[in-house]
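Take a look at the structure below.
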Amino acid sequence: MRLVLLGPPGVGKGTQGRRLATDRGWALISTGDMLRDAVARQTPLGKQAKQLMDAGQLVPDDVMVGLVRERTQEADALGGFVLDGFPRTVPQADALGAMLAERSLELNMAVLLAAPDEELVRRLSSRWECPECRRVYNSLSAPAKDGRHCDDHPATELRQRADDTEATVRKRLQVYRDNTAPLIEYYRKQHLLKEVQGIGALDEVYGSLNAAVAG
Ligand code: AMP
């Protein structure tokens, strides 16, 4: 199964996508995580991406398409993958379709996770992540056991993402509306779109996501 998770920043694509990919034995391909790794390692890509990411803007399409083209051909992705954070523009979606077609493959589904803006801003400003394993916590709804360290890496302090400040979050929501939301119609027209409510308890949302993927 090759699946795209669509939805605004903070809706839970990473958390839900990780669980879905793990349960089904598919690769989770998060372009945001790939970029944050490149920034941490200070690679040329990381240096190019950092300023754009900190400002809540998009990294150029050709760069992102190149990254995804390579990543989707790695061994763990051959049995299926969940894309989190890609495509984010119509040209990226076109490129994804074309790269799969070149390999005689196709995208099976695009699942839209939805939630109101105020909920997204609230969630993102209380979001913390483990720099080691990228597990995401929420200081309000899903805190770490001791409030400061990753449950799975007790020596590692949780940190907030540089782009999770309220001003940057609002910019990212705007960028989502302008550039990414048109993909909802794009995939609906291709009869690939399923919609899942991203609000509610984590397990409840996951249940709806699972049902959408199975159905
Ligand atoms: P995310 O973790 O998906 O919220 O992504 C964090 C940031 O990385 C975004 O705000 C963008 O600056 C950049 N980014 C991630 N994926 C993409 C993409 N497919 N196209 C352009 N920029 C991206």
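The values are calculated or read from the model by the stated rules, or taken from the named source; none is laboratory data. Computed from a prediction, not measured in an experiment: that's the story for all the values here. Glycine also receives a Cβ, built like all others from the backbone with ideal geometry; neighbour counts cover every protein chain displayed. Heads up: the accessible areas ignore ligands, DNA and RNA and are worked out on the full protein's heavy atoms, side chains in. Shrake-Rupley method; radii C 1.70, N 1.55, O 1.52, S 1.80 Å.
Checking each residue in region 59-89 for being open to solvent by 50 Å² or more (accessible area, probe 1.4 Å) and either among the aliphatic types (A, V, I, L, M) or more than 8 Å from the ligand (Cβ to nearest atom) (or both) picks out ASP62, ARG69, GLU70, GLN73, GLU74, ALA75, ASP76, LEU78, GLY79.
Of all residues in region 144-164, those satisfying the criterion of being without any contact (Cβ under 8 Å) to a residue 12 or more places away in the chain and assigned to a loop (DSSP other than H, G, I, E, B) are LYS145, ASP146, GLY147, ARG148, PRO154, ALA155.
Among the residues of region 18-48, count how many are in a helix (DSSP H, G or I) and either farther than 19 Å from ALA75 by Cα or of a type in the set (D, E, K, R) (or both). Going through region 18-48 one residue at a time, the tally reaches 17. Contact map, region 81-104: first residue part of a helix (DSSP H, G or I), second residue open to solvent by 10 Å² or more (accessible area, probe 1.4 Å) and β-branched (Val, Ile, Thr), Cβ cut-off under 9 Å, separation 6 or more or different chains; pairs are PRO91/VAL65; GLN92/VAL65; ALA95/VAL65; LEU96/VAL65; MET99/VAL65. Quick one: is PRO143 loosely packed, with under 14 Cβ neighbours inside 10 Å and either touching a strand residue (DSSP E or B) at 6+ places or on another chain (Cβ under 7 Å) or modelled with pLDDT of 95 or more (or both)? Judged against the criteria, PRO143 is not a match. Scanning region 90-110 for residues that are open to solvent by 20 Å² or more (accessible area, probe 1.4 Å), closer than 22 Å to ALA214 by Cβ and within 18 Å of the chain's Cα centre (by Cα) returns LEU107, ASN108.
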